[in-house]
Amino acid sequence: MTGIEFLASFITTGRLHGIGIGSTLGEVDRALQHRCVDVVGEGGASLRRDYGFVEFYFNPGKEWVMSGGSIELHRLANAPELAARWGGSTGVEFTPYTAWADVQEALSDVPPVPEFTLTDQGGFLEYRAETSCVSVLVVDDEEEERGYHAGHGDVWSVSLWAPVRAN
């Protein structure tokens, strides 16, 4: 599967290899057989699991539960070995750069296409899909060229976030 196809599915569903908000650490371990580093926050109040260019965030309880995550695509331009390792363990092949236009085109093949709220983030555009709790950050500085980092029109990162629940 290409990285673009993978991102289109993730943006639509909020699920990454079958896991998402509310998944336990055990479920993540079963879904992803990939090297990672765990960083426990001060006092054990949080856990960040870092897979290189993919990270998940967990809250404690009876067991750790996923509260968010991000795919840091901008890291791939300078460290393509991260994508190679990820592809070897997951079957998803990412390229060093991912154009938002290509992801948008792929989204049309994965109905239903989410409705996005667009926000200017100062040099970035954020496309936020409320239905899947996924936001996409796209480089919006026309002077940014591809090189050791993503360029204009490229996806910088894709984030998964827990919805705020009313009390």
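For q values of 0.19, 0.26, 0.33 Å⁻¹, compute log₁₀ I(q)/I(0) with the Debye formula on a Cα-only model of the range 41-84, without solvent. Log-scaled intensity ratios, in q order: -0.62, -0.84, -1.11. Based on C-alpha pairs under 8 angstrom that are at least 6 apart in sequence, the chain has a relative contact order of 23 percent.
Calculated accessible area for the chain comes out at 53 Å² per residue, all protein chains present (probe 1.4 Å; ligands, DNA, RNA ignored).
The order of the peptides 43-52, 134-143 by mean Cβ neighbours within 10 Å, most packed first, is 134-143, 43-52.
With contributions of -39500 (n - 2.57) from each DSSP H run of at least four residues, the per-residue ellipticity at 222 nm computed over the chain stands at -6500 deg cm²/dmol.
In whole percent, how big is the carbon plus sulfur part of the accessible area of the range 84-130, probe 1.4 Å, protein atoms only? C and S fraction of accessible area: 51 percent. Sorting the segments 24-36, 69-81 by their residues' average number of neighbouring beta-carbon atoms within 10 angstrom, most packed first, yields 69-81, 24-36.
For the range 122-167, the Kirkwood hydrodynamic radius from C-alpha pairs, put into Stokes-Einstein at 25 °C and a viscosity of 0.890 mPa s, yields a diffusion coefficient of 209 µm² per second.
How large is Rg/Rh for the chain, to two decimals, with Cα atoms and a Kirkwood Rh? Ratio value, two decimals: 0.96.
Once the gyration tensor of the Cα atoms in the range 57-106 is diagonalised, the equivalent ellipsoid follows with semi-axes of 26, 15, 11 Å, ordered largest first. Per the Debye calculation on the range 1-100 with a single equal scatterer at every Cα and no solvent contribution, log₁₀ I(q)/I(0) for q = 0.11 Å⁻¹ amounts to -0.33. With both residues required to sit in the chain, DSSP beta bridges show an antiparallel share near 95%. Annotation: peptides 96-102, 84-90, ranked by per-residue average of other Cβ atoms within 10 Å with the highest first, follow the order 96-102, 84-90.
All other residues whose Cβ lies under 9 angstrom from that of residue 51 are scored, Lys and Arg at +1 and Asp and Glu at -1, for a net of +1. For the pair the range 142-160 / the range 1-78, the C-alpha centres are spaced 21 Å from each other.
The values are calculated or read from the model by the stated rules, or taken from the named source; none is laboratory data. Bear in mind the structure is a predicted one, so any value in this text is a computation, not a measurement. Methodologically, a virtual Cβ is constructed for each residue, glycine included, from the backbone with ideal geometry; neighbour enumeration extends over all protein chains shown. Just the protein is used for accessible areas: all its heavy atoms, side chains included, with ligands, DNA and RNA removed. Shrake-Rupley method; radii C 1.70, N 1.55, O 1.52, S 1.80 Å.
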